[in-house]
Amino acid sequence: EVHGQPKKLAQPRLELRSDLLVGSVSRNGIDIITGTMAYKQQRADLSGLSEYMDFALNINLKAVNHIDARPAIRQLTSRRLADVKVHECWRGPCTVELRPNMQAPVYKLPVVEMLEAFYWRADFTLVAGQIIYDYLEEDA
């Protein structure tokens, strides 16, 4: 993938269950990530989210091998969303659960602390990015 955004076949879901927003990702018939937050209890804007991270900046590890399995590309890439128009944004307490799956080993990342969740809907434009670091360059 040209931007280094990982692709795995999975089934993401976002459901409203009464007063609870439930997001989950399933792979191989196993829910591997489940997150919950109260539905629309505290209005927010993206400045609240930026207390934790830069919402508009995507950073990815681009890893591509040659046909013989030697590394061909190992780059840290970035791309900034453009023309962002937020339609709604909410914040609140949350839960998250990571479950084991050998094809999606996200469960190996420890959940250290529950901070808060954000739910937002926005329009934006995906633009070209840049290489932050090339691990295979001689000078790297």
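No lab work stands behind these numbers, since they all come straight from the coordinates. Keep in mind that this is a model prediction, so the values were computed, not measured. All Cβ positions, even for glycine, are placed from backbone atoms using ideal geometry, and neighbour counts span all protein chains on display.
Could you compute the longest span of the chain free of trypsin sites (Lys or Arg not before Pro) located in DSSP loops and having at most 16 other Cβ atoms within 10 Å, not counting the site residues?
Details: sites that count: Lys7, Lys8, Lys40.
It runs 41-140.
Comparing mean-square fluctuations of Ser78, Ser47, Ser18 from a GNM of the chain with C-alpha springs under 10 Å, the top value falls on Ser18.
Going by how many other beta carbons lie within 10 Å of each one, how would you line up Ile67, Ile32, Ile73, fewest first? Mind dumping the intermediate values first?
Working: Ile67 6, Ile32 20, Ile73 15.
By the 10 Å Cβ count, ascending: Ile67, Ile73, Ile32.
To the nearest 500 deg cm²/dmol, what mean residue ellipticity at 222 nm is calculated for the chain from DSSP H runs of n ≥ 4 alone, each contributing -39,500 (n - 2.57), summed and divided by the residues? Let's see the in-between values first.
Working: 1 runs with 4 residues, N = 140.
Mean residue ellipticity, 222 nm, calculated: -500 deg cm²/dmol.
Say a site is exposed when it is one of the GluC sites (Glu not before Pro), sits in a DSSP loop, and has at most 12 other Cβ atoms within 10 Å; what is then the longest site-free stretch of the chain?
Details: sites that count: Glu1, Glu51, Glu113, Glu137, Glu138.
With a cap of 12 other Cβ atoms within 10 Å, the longest stretch comes to 52-112.
Note on the chain: along the principal axes its Cα atoms extend 53, 36, 25 Å, ordered by decreasing extent.
Report, in debye and to the nearest 20, how large the dipole of the chain comes out about its Cα centre when Lys and Arg carry +1 and Asp and Glu carry -1 on their Cβ.
Working: 17 positive and 18 negative charges, 99 e Å.
My answer is approximately 480 debye.
Reported to the nearest whole Å, the Cα centre-to-centre distance from region 110-140 to region 1-68 is 11.
Using 28 Å as the Cα-Cα cut-off, could you pick out the over-long pairs in Lys62/Lys108; Lys7/Lys40; Lys8/Lys108; Lys8/Lys40; Lys85/Lys108? Could the numbers behind the result be given before it?
On the way: Lys62/Lys108 20 Å; Lys7/Lys40 30 Å; Lys8/Lys108 17 Å; Lys8/Lys40 30 Å; Lys85/Lys108 35 Å.
Correct reply: Lys7/Lys40; Lys8/Lys40; Lys85/Lys108.
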